[in-house]
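As structure tokens, the structure follows; a few thoughts come after it.
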Amino acid sequence: RLLYNDAWAPIPADRHPWALGRPGAEVWADIWDVVGPQFEQVVATGNGFSTYDQLLWMERDGVPQETYWNYSITPLLDDEGTVVGILNQGNETTDRVLADRRRAAEIERQRRQFQQAPGFIAVLDGPEHRYEFVNATYSRLFGERDYVGKSVGELFPELEGQGIFELLNRVYEAGERYIAEALPVRLNVQDGAAGNERYLDFIYAPVTDEDGRVTGIFC
């Protein structure tokens, strides 16, 4: 039977105050297939239980809605150590979970767009300029390599002395973008042969976090 405080009252919404003192299986018939066995396990074993971002399809405004919750279930014992109830504490995480899902979908959409772009694109992370992403055009231009997680210096040591490393460092440290036009760059092709000179137009743009700190470079 449900006994709850004022802070919990908005959760049953229009079922409050009807829900007060009623059996949990009656109040939460829509989610009892999930929480019922969890409660029963705690009562039977005397061991607490917690879960994070638990999906619960709850009826709201007469319609089943996807909701997510962090909550814990703690056994309440009498003087003899018998479980006589449970303490349920938690908070709803639906907004965060759905926002994270939308962000992930947007990132994946952008990656698909970047992958199909006619120009070469790379995303570098941190002061060591490690690759987070390269698109297909980048791989065709600079060779099929194991890019992700490797630094520009590791994959292209032949760039030493050509000013590229210095440009990357400058953009990362100053937080200002750099635009190159027909910049000559000498590269080694996949089999290690030298003398592969390219003339490149590109932009190095700083990538910043929510606080405005530079975390990487978009090429």
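The values are calculated or read from the model by the stated rules, or taken from the named source; none is laboratory data. Please read these numbers as outputs of a predicted model, since none were measured by experiment. We place every Cβ from the backbone using ideal geometry, glycine too, and count neighbours over all the protein chains shown. Heavy atoms of the whole protein, side chains included, go into the accessibility calculation; ligands, DNA and RNA do not. Shrake-Rupley method; radii C 1.70, N 1.55, O 1.52, S 1.80 Å.
Structure data summary
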{"read-out": "Mean Cβ neighbour count within 10 Å, used as a protection proxy, ranking 127-135, 5-13, 53-61 highest first", "value": "127-135, 53-61, 5-13"}
{"read-out": "0 to 90° range, to nearest 10: angle between helix 32-45 axis and the chain longest Cα axis", "value": "70"}
{"read-out": "Separation of the R145 and R186 label points, Cα + 7 Å toward Cβ, nm", "value": "1.7"}
{"read-out": "Accessible area expressed per residue, the chain, with surrounding protein chains retained (probe 1.4 Å, Å²)", "value": "62"}
{"read-out": "Label-point separation in nm, R101 to L76, each point 7 Å along Cα→Cβ", "value": "3.4"}
{"read-out": "Sites R177 and A136 - FRET efficiency at Förster radius 25 Å, r taken between beta-carbons, to 0.05", "value": "0.55"}
{"read-out": "Residue among D78, D125, D146 with the largest mean-square fluctuation in a Gaussian network model of the chain, springs linking Cα atoms under 10 Å", "value": "D78"}
{"read-out": "Residue-span extension gain [Q113 to Q65] - 0.36 nm each, minus C-alpha spacing", "value": "14.1 nm"}
{"read-out": "Three-way shape call for the stretch 116-207 based on the alpha-carbon gyration tensor, with the a/c threshold at 1.5", "value": "rounded"}
{"read-out": "Net length gained if the chain between N91 and F165 were fully extended (0.36 nm per residue, minus Cα distance)", "value": "21.8 nm"}
{"read-out": "In degrees, nearest ten, helix 164-174 long axis to first principal axis of the chain (Cα)", "value": "50"}
{"read-out": "For the chain, alpha-carbon Rg over 2.2 N^0.38 Å", "value": "1.66"}
{"read-out": "Label point distance in nm, V43-D209, each placed 7 Å from Cα along Cα→Cβ", "value": "4.6"}
